[in-house]
Amino acid sequence: MTKKIAVIGGDGIGPEVVAEGVKVLEALADVRGWGLELLHYDLCADRFLKDGTTFPNEVADTIANECDAVLLGALGDPRVPDMRHARDILFGLRFGLDLYVNLRPIQCLHESLMPLKKFKASDVDITVLRENTEGIYVGIGGHFKKGTPDEIAVQEDFNSRKGVERIIREAFELARRTGKTKVAMADKHNAMMHGHELWIRCFREVAEEYPEIETRHVFVDAMCLFLVQDPTQFEVVVTCNLFGDIITDLGAALQGGMGMAASGNIHPGKVSLFEPVHGSAPPLTGKDVANPLATVLTVGMLLTHLGFEGEEAKLTALVRRAIETGHCTREVGGDLGTRATGDWIVEQIRSGA
């Protein structure tokens, strides 16, 4: 059966790194004999500035009803200061497809990327599940007396029992599927006594159904401290939308930077979205210096979601070898450009790696 993948390059360096991800997908399809169909969509700041298009209904319908996954580049352009196009595209996908699991692996693949003294690369192997459809990012709130000295801005933090329970349960299920033995939950219920009281109560209730898994509650500020002091104490972490955003960017520093950070926005068993999370980096656009390895790792996650077992591990091994041999961009120790790094990965795939 042919798998359909929607491809959205996005802004800045997004199209450059996504092009390398597409090369990897096409090489794997050729070598493995897969049926893959890539549907390319011109959705970005350039398109918005040209004709006002952000995320058309017909594209949303096609992705929801015909596609199996989405590969998305970075979004964001200083020419659109309110990020209107980016918000419509990204939130249209996340909320429209109910992608409630933001899955962020934090894995250090080489000793040269480990920033902590007394720790090895293998000591950083954490999976963070960030609730992706609720919390403070849903946009509930407003302004009163905007633009005056008496202005008031209100931003509501939205937490539902359904939303909190399903992300916590998925964290335990992922631990069980992958042989992990520890699940930690980060919240701030000592200060956010309503919304996050729901998180701690739900976490304790769901944990009772998984007696073989060690559970731990950690306040989010303490978790940021502990991640730097000793990352080995964490295996699976589940948290809310805002805290997950912060924790995973800290985690990226433990794996070599944002250019090594892959992610999936997932609804288990349904069409899901996969994106490197390094941002659009406008100053780097067109210079052939952006690191495409996060996109390669993201493609691995996408292939796991599509049911191609073992392919993610093979791509991860290739990324590790690229760093070991210097076939990578400068910030992770090599001297290649974006395209040459992608070409090396493709060459390895076609040679049987």
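May I ask you to say which residue of Ala74, Ala19, Ala6, Ala64 is part of a strand (DSSP E or B) and among the hydrophobic types (A, V, I, L, M, F, W, C)?
Exactly one of Ala74, Ala19, Ala6, Ala64 is part of a strand (DSSP E or B) and among the hydrophobic types (A, V, I, L, M, F, W, C), namely Ala6.
Quick check on Arg104: is it in a helix (DSSP H, G or I) and either among the acidic types (Asp, Glu) or closer than 26 Å to Phe234 by Cβ (or both)?
No; evaluated as a whole, the condition is false for this residue.
Look at the stretch 270-288 and say how many of its residues are out of contact with any Cys (no Cβ under 7 Å at 6 or more places or on another chain), farther than 17 Å from Lys23 by Cα and hydrophobic (A, V, I, L, M, F, W, C).
4
Does Val24 satisfy the condition of being of a type in the set (A, V, I, L, M, F, W, C), within 29 Å of Phe91 (Cβ to Cβ) and not in a helix (DSSP H, G or I)?
Judged against the criteria, Val24 is not a match.
Would you mind stating whether Arg176 is in a strand (DSSP E or B), surrounded by 11 or more Cβ atoms within 10 Å (Cβ to Cβ) and out of contact with any Ser or Thr (no Cβ under 9 Å at 6 or more places or on another chain)?
In short, no.
Go through the stretch 305-340 and give me each residue that's within 21 Å of the chain's Cα centre (by Cα), part of a helix (DSSP H, G or I), touching a residue at least 40 places away in the same chain (Cβ under 8 Å) and within 23 Å of Leu71 (Cα to Cα).
Across the stretch 305-340, the qualifying residues are His305, Glu311, Leu315, Thr316, Val319, Arg320, Thr338.
Being over 23 Å from Cys202 (Cβ atoms) and outside the structural domain of Arg320 (by TED's automatic domain parsing) is true for just one of Lys117, Lys180. Which residue is that?
Working: Lys180 fails: over 23 Å from Cys202 (Cβ atoms).
So the residue among Lys117, Lys180 that is over 23 Å from Cys202 (Cβ atoms) and outside the structural domain of Arg320 (by TED's automatic domain parsing) is Lys117.
Name the single residue that is farthest from Glu331 (Cα to Cα) among those in the stretch 264-299 being of a type in the set (A, V, I, L, M) and in a loop (DSSP other than H, G, I, E, B).
The qualifying residue farthest from Glu331 (Cα to Cα) is Val271.
Within the set of pairs 6+ apart or on separate chains, which have a first residue in the stretch 119-134 that is under 18 Å from Arg320 (Cα atoms), a second that is part of a loop (DSSP other than H, G, I, E, B), and C-beta atoms under 6 Å apart?
Sorted first by the residue in the stretch 119-134, then by its partner, the pairs are Ala121/Cys108; Ala121/His110; Ala121/Met114; Val124/Cys108; Val124/Leu254; Ile126/Phe234.
Can you pull out the residues in the stretch 135-161 that are of a type in the set (Val, Ile, Thr), touching a residue at least 12 places away in the same chain (Cβ under 8 Å) and outside any loop (DSSP other than H, G, I, E, B)?
Within the stretch 135-161, Ile136, Val138, Val154 qualify.
The values are calculated or read from the model by the stated rules, or taken from the named source; none is laboratory data. Here the structure is a predicted model, which means the values were calculated and not measured. Counting neighbours? That spans all protein chains shown, and the Cβs are built from the backbone with ideal geometry, glycine included.
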